[in-house]
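Asks: Dumping the structure here so I can ask a few things about it.
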Amino acid sequence: MISSARRSWRGLAAATLIPGAAAVAIVLLTAGDGRPSAATGPSAPTLARLADLPPLRIPPQPRSLNPIVPVDGRLSVRVGRLEPLAGGIRPAPPGRIRIPAADVDAGIEAVRARRDGLEVPPPGWAGWYSGGARPGEPGRAVVIGHLDTSDGPGVFERVPSLDRGSRIDVTDGRGAVHSYRVVGVTRVRKRRFPTRAVYGHARNSVLVLVTCGGPYVAGRGYRDNVLVYARSA
């Protein structure tokens, strides 16, 4: 269950990262209907549709730039042409996430899918699913984090209590900041994990945060996953 390179999780096993501690468990390949538990908010598919609305502000359209290039031996400049960029440049992988309302200011580590589940980041870090979209580009960028550990609160301890409209900033490897606003929070049973509503296609830039929630059972972990959907701001 734990690889030689790093720790990973069986989605259905809901195992704990550290004996006696709670942690994130994510079902990557298990289909489900995404219906929330009682009184836990809108369904994941509903929030996914809301988060996929066009950005709250219209970003500037990419343009063909004509940079000014110095010419050796002359007191003038010439204009050099660049090829037009269709759709702009892909954002760099994320490096840091900040959520003021949840006291989150943490580094992001890329995590991958393995046969026995999804890798999880070390305590104090968030994990970005590198097989999906990057923050700032069309698609759902999925970021996971611990709710708690054997040493105390996890990096996403207060994420389940985020309110609609809360701001989330993700800084990528080039220093660009991609901002989002929370559209809703829901809780789902791990055995009903809404794979398509989390990892599926989106036309716009969407951020999905995933952590644990619901009842905790010693030796088995948390029963549920908490999903936070955020729309590009």
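Asks: One quarter of the convex hull surface, Cα atoms only: what value does that give for the stretch 142-186 in nm²?
Replies: 4.1
Asks: Also, I was wondering about something else. Within the stretch 118-135, find all residues whose amide N lies under 15 Å from a label point positioned 7 Å from the Cα of His201 along Cα-to-beta-carbon.
Replies: What the label zone holds, given the 15 Å backbone N cut-off, is 133.
Asks: Ratio of Rg to Rh for the stretch 75-233, alpha carbon only, Kirkwood?
Replies: My calculation of the ratio gives 1.06.
Computed from the coordinates by the stated procedures, all read-outs in this text should not be read as laboratory data. Everything quoted here is computed from the prediction, not taken from an experiment. Counting neighbours? That spans all protein chains shown, and the Cβs are built from the backbone with ideal geometry, glycine included.
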